[in-house]
Structures are given as C-alpha cells and as structure tokens.
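Report on the following structure.
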Amino acid sequence: MKILVLNGPNINMLGIREPGIYGKNSFTELLALLAETAEKENLEIEQYQSNHEGCLVDKIQEAYGKFDGIVINPAAYTHTSIAILDALKAVAIPAVEVHISDVSQREDFRQISYPGLACVKTIMGRGLEGYREAILYLKEHYA
Ligand code: DQA
C-alpha cells in the first residue's frame, strides 16, 4: 500500500513554532516517525510539505493512480482552501485529515475545515502520533 503524507504551511517549523500548542518535537522527528511506521507496517510512505496552496493541489492531482491513501495536515489552508477540497474530491483517494493541536478547542476561525469535507476521518489533538493513527486507519480500512 502506498500512502502520501501531505503537510501544509509552517509544519516544517515544528519544534520551533509555538511549542506550547504544537509541541517540542521537530519536523525531522515527524519524518522519522513516518519512516519508522512505513518500515514496521510494510507500507510505502512518501511525505511532501509545502507552504504553497497550489503546490499541495499539484501533489494531490499527481497522486491520482499512484497512491492508495492520503494523510493530510493542510495547516492554515484547512480553514480557507476550497482548492484543496476540490483536489481531494477530484482524485477520490481515501484521505485522513490530521491536526497536531485540538483545533476544536481553539479560535472560531479554525472551526471550519474545507479539506475535511472530503476526508473519511479527522484526527486532532494527538500530536505527532496522530499521523501514525491516520496511517494505521488507512491500512486497516483500505489496504
Ligand atoms: C494545524 C492547525 C491549524 O489551525 C494551523 O493553522 C496549523 C496547524 C495543526 O496541526 O494543529 O498550522 O493544522
């Protein structure tokens, strides 16, 4: 099974950005968690991070016919991006939305998720472990 893990803007700043909200673990540690999960679960996992909405849309389109599942943390684009929502709907690859923080307990402007409308599941507030849970969910339901 091939899984694409997509991360939106500022996720590359993990460990530096607002550690009280996003934790002290770095982006490099997230990449290590993904590599470890791929090995342990016998999955092919590719990770892509971008600060640019169109690049994320391009990557989702390119995933068509190549990946069996998508894990996506659209970061701030969660709350604005109909383009990412439409891309996920276009490729119709099972997608799980991940948020490191518990957005349900945060500001009003974070209460809408456009990409989430095209996702089979949302995991939030579990820190980096949320990515592992999302991958395991896809393996369990779509492998
Ligand atoms: C986030 C939550 C978003 O509201 C925020 O803009 C992010 C990260 C999270 O992982 O908790 O950049 O997606």
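If you check 84, 135, 112, 72 for being within 16 Å of the ligand (Cβ to nearest atom) and surrounded by fewer than 22 Cβ atoms within 10 Å (Cβ to Cβ), only one passes: 112. For the stretch 5-23, the set of residues classified as in a loop (DSSP other than H, G, I, E, B) and among the hydroxyl-bearing types (Ser, Thr, Tyr) is empty. Checking the stretch 85-102 against the condition returns no match, with no residue being in contact with a strand residue (DSSP E or B) (Cβ under 8 Å, 6 or more places away or on another chain), without any contact (Cβ under 8 Å) to a residue 40 or more places away in the chain and among the polar types (S, T, N, Q). Of all residues assigned to the stretch 88-105, at least one qualifies as being of a type in the set (D, E, K, R) and within 11 Å of the ligand (Cβ to nearest atom). All but one of (1) of a type outside the set (S, T, N, Q); (2) under 20 Å from residue 36 (Cβ atoms); (3) within 9 Å of the ligand (Cβ to nearest atom) hold for residue 79, so report the exception by its number. The one condition residue 79 does not meet is (2).
Taken together, the values in this text are just the output of simple stated rules run on the coordinates, not laboratory data. It should be emphasised that the depicted structure is a prediction, and the values quoted were computed from it without experimental measurement. We place every Cβ from the backbone using ideal geometry, glycine too, and count neighbours over all the protein chains shown.
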